[in-house]
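One structure, pasted below without further comment.
The values are calculated or read from the model by the stated rules, or taken from the named source; none is laboratory data. For clarity, every value in this text was computed on a predicted model and none was experimentally measured. So basically every Cβ, Gly included, is an ideal-geometry build from the backbone, and we count neighbours across all protein chains shown.
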Amino acid sequence: MKPREQRLGEAAVFLLPSLKLKKRSDGGAPMEEKVHRFLMETFGGYTAAAGNIFGYWVDEHGRHSYGEHRQFLVAIEGEEKRTRLAEFLAEIGRELGEESVLLQIGGTVSLIWTGARPTGS
């Protein structure tokens, strides 16, 4: 019997600071709940990985940084969904005090700049 396959689009993977996701949003709910609701409503589901996910990087001013993250994966089909995800990542990144959020769609890796000043991870 031939397996049934449903293509969902390109993989979009992004990282958010794991400890900051426990912070409460203006509405009082944890930030991770805000992320959950957005991903479920916009993409119909997601996969998240927690654990030993960390990164080191040098910013444009030569400062070295370290962060521990939760990794999220969604399937994206179409430019509208890409734009909605990038806008959401800029918004949530600002609320978390992050300068930028790492986003990979397909084979392209980008930084989504938030306009926030860094607060540390």
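Applying the selection to the stretch 108-121, what residues are β-branched (Val, Ile, Thr) and farther than 16 Å from LYS23 by Cα? Working first, answer last.
Start the filter on the stretch 108-121 by keeping residues that are β-branched (Val, Ile, Thr), which leaves 108-109, 112, 114, 119.
Result: THR108, VAL109, ILE112, THR114.
Which of (1) buried (at least 16 other Cβ atoms within 10 Å of the Cβ); (2) among the hydroxyl-bearing types (Ser, Thr, Tyr); (3) farther than 22 Å from ALA50 by Cβ does SER100 not meet, given it meets every other one?
(3)
Closer than 19 Å to LYS34 by Cβ and without any contact (Cβ under 8 Å) to a residue 24 or more places away in the chain - does that describe any residue in the stretch 59-79?
no
Within the stretch 1-33, which residues are out of contact with any Asp or Glu (no Cβ under 7 Å at 6 or more places or on another chain), outside any strand (DSSP E or B) and within 14 Å of VAL101 (Cβ to Cβ)?
Listed by number, the list holds a single entry, LYS20.
Okay, next question. Among the residues of the stretch 72-83, are any part of a loop (DSSP other than H, G, I, E, B) and touching a Gly at 6+ places or on another chain (Cβ under 9 Å)?
Within the stretch 72-83, one or more residues are part of a loop (DSSP other than H, G, I, E, B) and touching a Gly at 6+ places or on another chain (Cβ under 9 Å).
Can you pull out every residue in the stretch 73-92 that is at pLDDT below 95 and of a type in the set (Gly, Ala, Ser)?
Matches in the stretch 73-92: GLY78 only.
PHE88: part of a helix (DSSP H, G or I), buried (at least 17 other Cβ atoms within 10 Å of the Cβ) and in contact (Cβ under 8 Å) with a residue 12 or more places away in the chain, yes or no?
yes
May I pose another question? Among the residues of the stretch 57-107, write down those that are more than 14 Å from the chain's Cα centre (by Cα) and closer than 16 Å to LEU19 by Cα.
Matches in the stretch 57-107: SER65, TYR66.
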